[in-house]
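The values are calculated or read from the model by the stated rules, or taken from the named source; none is laboratory data. Quick caveat: nothing in here was measured; it's all calculated off a predicted structure. Ideal geometry is used to build each Cβ from the backbone, glycine not excepted, and the neighbour counts take in all protein chains shown. Heavy atoms of the whole protein, side chains included, go into the accessibility calculation; ligands, DNA and RNA do not. Shrake-Rupley method; radii C 1.70, N 1.55, O 1.52, S 1.80 Å.
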Amino acid sequence: MAIVLAKHFKTEIVSADSRQFFNEMGIGTAKPSASQLLESKHHLVNSFSIHDEYNAGCFEKDSLECLLKIYSTNDLAILCGGSGLYVDLVCNGSDELPLRNPAVRDELTTLHKTSGIVALQKKLKELDPEFFSQIDLNNPHRLIRALEVCISSGKKYSELREGKKSKRPFKIIKIGLEDDREKVYERINTRVEEMMKNGLLEEAKSLFEFRHLNAMQTVGYTELFNFIEGRISLQEAVDQIKQHTRNYAKRQWTWFKKDREMRWFKPEQSEAIIEYISSYTGT
């Protein structure tokens, strides 16, 4: 859909997917194909290495720079991706959160190493059930940061993130795509099977030695790393990828459905979407 819109309005796309930044992660992040990347210019896809230190703050800065560059020659830019936090950073800016607390962070990092990611999930569910229902539960970096804020401030991370919006030098038109949940789940299952046929296991094997990096704490890779280590069977890993992706899709629904500015369309309604955007832009 982003490509359809970009071609119609003769503009460019900025990715708001928190994993498509990384060069080494192609199949498992469902990046645009080589031919799709040629159809419309994409920013922040294949822009960094998994070895680079890249976080939400870096993304906010880089995405705004990309948008302003696009606006120098176009009246409209397309931001596309399902990482709710990253979309929110572009639209609203970042909140004033407590500074990093090394002692708390070290304690949480140790908890992760000794008791696993489930221990972090359980702790966040106790301290901030609202954010627990929205966050990517398979990303220990984000879990640790949310817990660090909760413990250091004595407040819920979700409460601190509802601060004053930053002023942006552009208007925002929010569009969401939705379909029957069962159809979406079917497509997720089919896509995982296609990823496996396209070499996801081989990609995971090539990245196995880097499994400790934050970028690799991602659905599609962590499950296959467990298979490679002999903890589960390959079929179990594939089934878990499907389940965890469906869980993530459900959290995406929860996140974006709360946004009253979002206008929802079916995936096949491209003409209606173009008309809706045109009604705002006059193009």
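Assorted remarks:
- Verdict on ILE27 being over 14 Å from the mean Cα position of the chain (by Cα), open to solvent by less than 30 Å² (accessible area, probe 1.4 Å) and closer than 25 Å to ARG251 by Cβ: no
- Within segment 141-192, the set of residues being in contact (Cβ under 8 Å) with a residue 24 or more places away in the chain, over 29 Å from ALA103 (Cα atoms) and acidic (Asp, Glu) comprises GLU178, ASP179.
- Verdict on GLU130 being modelled with pLDDT of 90 or more, farther than 30 Å from GLN269 by Cβ and not in a strand (DSSP E or B): no
- Residue, least open to solvent (accessible area, probe 1.4 Å), within segment 193-219, restricted to residues that are among the charged types (D, E, K, R) and under 25 Å from LEU143 (Cβ atoms): GLU203
- Number of the condition not met by LEU38 [criteria: (1) open to solvent by 30 Å² or more (accessible area, probe 1.4 Å); (2) of a type in the set (A, V, I, L, M, F, W, C); (3) touching a strand residue (DSSP E or B) at 6+ places or on another chain (Cβ under 9 Å)]: (3)
- Filter result for GLU148 (more than 30 Å from TYR71 (Cα to Cα), in a helix (DSSP H, G or I) and touching a Lys or Arg at 6+ places or on another chain (Cβ under 6 Å)): yes
- Just one of the numbered conditions (1) modelled with pLDDT of 95 or more; (2) buried (at least 17 other Cβ atoms within 10 Å of the Cβ) is not true of MET1: (2).
- Residue within segment 6-17 that is assigned to a helix (DSSP H, G or I), touching a strand residue (DSSP E or B) at 6+ places or on another chain (Cβ under 9 Å) and of a type in the set (A, V, I, L, M) present: yes
- Selection within segment 207-222 - touching a residue at least 24 places away in the same chain (Cβ under 8 Å) and out of contact with any helix residue (DSSP H, G or I) (no Cβ under 7 Å at 6 or more places or on another chain): LEU213, ALA215, THR218, THR222
- Which listed residue is hydroxyl-bearing (Ser, Thr, Tyr), over 20 Å from the mean Cα position of the chain (by Cα), open to solvent by less than 70 Å² (accessible area, probe 1.4 Å) and closer than 24 Å to ASN92 by Cα, from SER133, SER153: SER153
- Every residue from segment 37-54 that is closer than 22 Å to THR281 by Cα and not in a loop (DSSP other than H, G, I, E, B): HIS42
- Count of segment 11-34 residues which are of a type in the set (Ser, Thr, Tyr) and within 17 Å of LEU224 (Cβ to Cβ): 1
- Single residue of segment 172-192 satisfying the filter (open to solvent by 50 Å² or more (accessible area, probe 1.4 Å) and more than 19 Å from PHE265 (Cβ to Cβ)) that is nearest to the chain's Cα centre (by Cα): ARG191
- The set of residues in segment 246-265 being of a type in the set (Val, Ile, Thr) and more than 16 Å from PHE132 (Cα to Cα) is empty.
- If the condition is being surrounded by 19 or more Cβ atoms within 10 Å (Cβ to Cβ) and either in contact with a Pro (Cβ under 6 Å, 6 or more places away or on another chain) or not acidic (Asp, Glu) (or both), then segment 12-24 contributes ILE13, VAL14, SER15, ALA16, SER18, ARG19, GLN20, PHE21, PHE22.
- Screening segment 211-261 for residues that are at pLDDT 95 or above and among the aromatic types (Phe, Trp, Tyr) and picking the one that is farthest from ASN55 (Cα to Cα) gives PHE227.
- Residue, nearest to ASP88 (Cα to Cα), within segment 223-257, restricted to residues that are open to solvent by 30 Å² or more (accessible area, probe 1.4 Å), in contact (Cβ under 8 Å) with a residue 12 or more places away in the chain and among the β-branched types (Val, Ile, Thr): THR254
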